[in-house]
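In what follows, a single structure is set out as structure tokens and then discussed.
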Amino acid sequence: MLYQRKKYSSFFLYLCGVLIELQNHKKKLKIFSPFYFIIAFFFNIPILPTHAEGSVAASSLDSAKSSLDSANSAASTAKETSKNISEFSAKAKSFDDDSGGKQPPAVPPKNLVAQKPGSFLERFFGKICSVQINIEKNANSNSAILSELVIIYKPELYSQISLIPIKDWFTFNADAIKTLRTSKDVQIYRFELTPDSNYSKYLIDINSNASGAFLFNRLSNNANAYPIQLNPYKNLKLNFFSLGFDYFQEMEK
């Protein structure tokens, strides 16, 4: 009987030694984890891994994931900007042999009547549009560029604004122009640009029931020209270069 008790005691001590060894080498002996779980259940030994170690591992993983997301976002933004600039440059090359791209009209339009621009839903709800501007080196003789997008909400004002020369629109030579610029039926988006601006993009809010839009670009060689007629509910792309500028209206994909 005494021999049997000693035998069990030795076995129990041996088992405790094994459990202690497993506890000390828990990361290396993962193969014993199912058996360790069963034994720990009966002898009230802590289950591995500990909470502190799990928290540190999770925190490190979250930090690494956040850094990777930030790097991917920055790379994506740089790639998109480079793509937009390349597209502008490619389109501008097709105008290098003419007098300076799409210049504003040199004579005022006759009997210009506002048409219903955009779709029914755009005229009813309004729309958020984008204006993308690319400025090449030495644009406008390396001078500042002033551009205004004028949205008109009253058809009667459409013809009046179309007859205003660019120099008069920006110099406020007449009280009538001042009245038009401050009218509640006219919405003006102003862009003050410099040749080192390179590429920029803006989002503008076009209200419902717009009758039309005009683009006034003040450059060093077009003071006597007239504004360009635009569709207010379409996105606008502007490219300024040394001989003048181009403009494109197309829906973004």
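The values are calculated or read from the model by the stated rules, or taken from the named source; none is laboratory data. Fair warning: this is a prediction, and the values are worked out from it, not measured in the lab. A quick note on method: Cβ atoms are made from the backbone with ideal geometry, for glycine too, and the neighbour counts reach across all protein chains shown.
Before moving on, here are some points about what is shown:
- Flag for Lys127 being surrounded by 13 or more Cβ atoms within 10 Å (Cβ to Cβ) and basic (Lys, Arg): yes
- Qualifying position, being crowded, with 17+ Cβ neighbours inside 10 Å and in contact (Cβ under 8 Å) with a residue 12 or more places away in the chain, among Tyr199, Tyr158: Tyr158
- Of the residues screened, Ala74 is not one that is at pLDDT 85 or above and more than 30 Å from Ser208 (Cβ to Cβ).
- Matching entry among Leu215, Leu230, Leu238, Leu203 (being within 15 Å of Glu136 (Cβ to Cβ) and modelled with pLDDT of 90 or more): Leu238
- Residue pairs meeting the criteria (Cβ under 7 Å; at least 6 apart or on separate chains; first in the same structural domain as Leu236 (by TED's automatic domain parsing) and closer than 22 Å to Leu243 by Cβ, in segment 127-141; second modelled with pLDDT under 90 and exposed (fewer than 13 other Cβ atoms within 10 Å of the Cβ)): Asn140/Ser220; Ser141/Ser220
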